[in-house]
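For reference, the structure discussed in these notes is given below.
The values are calculated or read from the model by the stated rules, or taken from the named source; none is laboratory data. Bear in mind that the values here come from a model prediction, so they are computed numbers and not experimental data. So basically every Cβ, Gly included, is an ideal-geometry build from the backbone, and we count neighbours across all protein chains shown.
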Amino acid sequence: MTRSEIEPLVRGNIRSLAPYSTARDEYQGKPGVFLDANESPYPTGFNRYPDPRQKALKERISDIKGIPPERVFLGNGSDEAIDLLFRIFCEPGRDNAVAIAPSYGMYSVAAAINGVEMREVQLNDDFSLPGDGLLAACDTNTRLMFICSPNNPTGNAFPRSEILSLAERFPGIMVVDEAYADFSSEGSLSPRLDDYPNLVILQTLSKAWGMAGLRLGMAFADSYIIKVMSMVKYPYNISQAAQEQALKALERPVASEISGIIDQRGKLAEALAGYGFVKKVYPSEANFLLVKTENADALYGYLLSEGIIVRNRSMLKGCEGCLRITVGLPSENKKLLESLDKYEKGAIH
């Protein structure tokens with residue numbers, strides 16, 4: 001798909017939208033006397049509105065990711081980017097989107113909020129990608145396709161070749177959510193952005209970079225898509241505090257932390273597999289493990305009583321009997337295993 005084929009996919013009212021602009025968007029000089037935005041003149045550190053274009057932060061992310069700033073969108077978490085994609089490309093009550101299932105729940109929530117039909121295609125029994133099934137679920141009004149890789153909650157990453165094959169065959173916007181890519185041997189698809197103008201890659205600073213509390217999500221795509229997303233977003237969607245803290249946090253090396261989580265993931269998976277009440281520990285390329293148990297509800301309730309919070313995913317089709325367990329610090333993982341030792345010995349009965 002070429003850029004010229006992407007433009008017609010954008011809703012007509014969005015293409016003709018006159019975005020909100022500020023006087024500071026028009027001013028290109030050094031900081032001067034700002035009397036344009038009705039702010040308080042008294043300096044508090046936050047009396048001025050934040051940079052609506054997040055220039056400094058985008059440039060830093062550009063350096064880290066090797067992606068030009070004009071191809072970077074920053075949102076209030078990845079959820080903002082997900083919502084914007086529905087608002088830009090899907091006409092409510094007419095268009096639809098396709099996604100794998102089970103997967104991240106916000107795709108279907110955002111679709112429902114925007115009045116867009118979500119067509120979910122179940123993963124194969126081994127959690128592999130149902131490529132032909134995804135394409136079969138599409139029709140002439142399918143505008144978006146969502147694939148989370150590594151997938152949440154299954155933890156597995158899909159082969160890059162399969163995702164790119166779908167991007168090539170799908171006549172809409174292919175959204176690949178790479179929130180957990182830092183923990184995966186598959187890596188990111190971002191080097192292929194030039195080859196697939198309809199590809200949108202979502203990443204986050206919440207996981208490997210440890211900034212969940214700042215709520216900063218990223219989208220990488222063709223500069224035209226990023227331009228439209230920037231037109232539709234609220235002007236000051238990223239606070240000054242978040243931008244400043246993110247710039248500081250991005251100076252912190254995280255490679256050793258990522259490798260530490262991967263190491264703990266392997267040790268935790270091995271330990272969990274040794275319990276009699278655990279039926280299966282699924283392979284993971286994320287920072288969590290999906291664990292199939294004999295009685296997920298009972299185990300979940302027990303862990304809560306021990307002060308350990310995991311995620312009960314047993315109500316999802318394909319994840320029956322499963323808990324999703326985040327890989328914690330060695331001390332936290334030890335506490336989990338100590339509690340599970342008591343559970344297996346029947347100390348809770």
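Here are the criteria: (1) touching a residue at least 60 places away in the same chain (Cβ under 8 Å); (2) surrounded by fewer than 19 Cβ atoms within 10 Å (Cβ to Cβ). Tell me which single one residue 143 does not satisfy.
(2)
Consider residue 263 against the criteria (1) in contact (Cβ under 8 Å) with a residue 24 or more places away in the chain; (2) assigned to a helix (DSSP H, G or I): it satisfies all of them except one. Which criterion is unmet?
The number of the failed condition is (1).
Say whether the condition of being hydrophobic (A, V, I, L, M, F, W, C) and farther than 30 Å from residue 49 by Cα is met by at least one residue in the stretch 196-212.
Looking for residues that are hydrophobic (A, V, I, L, M, F, W, C) and farther than 30 Å from residue 49 by Cα, one finds at least one in the stretch 196-212, hence yes.
Residue 290 fails exactly one of the following numbered conditions: (1) over 20 Å from the mean Cα position of the chain (by Cα); (2) surrounded by 13 or more Cβ atoms within 10 Å (Cβ to Cβ). What is the number of that condition?
Result: residue 290 fails condition (1) only.
Only one of 138, 148 is under 19 Å from residue 198 (Cβ atoms), of a type in the set (A, V, I, L, M, F, W, C) and over 18 Å from the mean Cα position of the chain (by Cα). Can you tell me which?
Within the list 138, 148, the selection yields 138.
State yes or no: is residue 88 of a type in the set (Val, Ile, Thr), modelled with pLDDT of 95 or more and closer than 25 Å to residue 192 by Cα?
Against the criterion (of a type in the set (Val, Ile, Thr), modelled with pLDDT of 95 or more and closer than 25 Å to residue 192 by Cα), residue 88 qualifies.
Residues that are touching a Leu at 6+ places or on another chain (Cβ under 7 Å) and surrounded by 12 or more Cβ atoms within 10 Å (Cβ to Cβ): which helices (runs of 4 or more DSSP H) entirely in the stretch 6-77 hold 3 or more of them?
Helices (runs of 4 or more DSSP H) meeting the threshold: 55-65.
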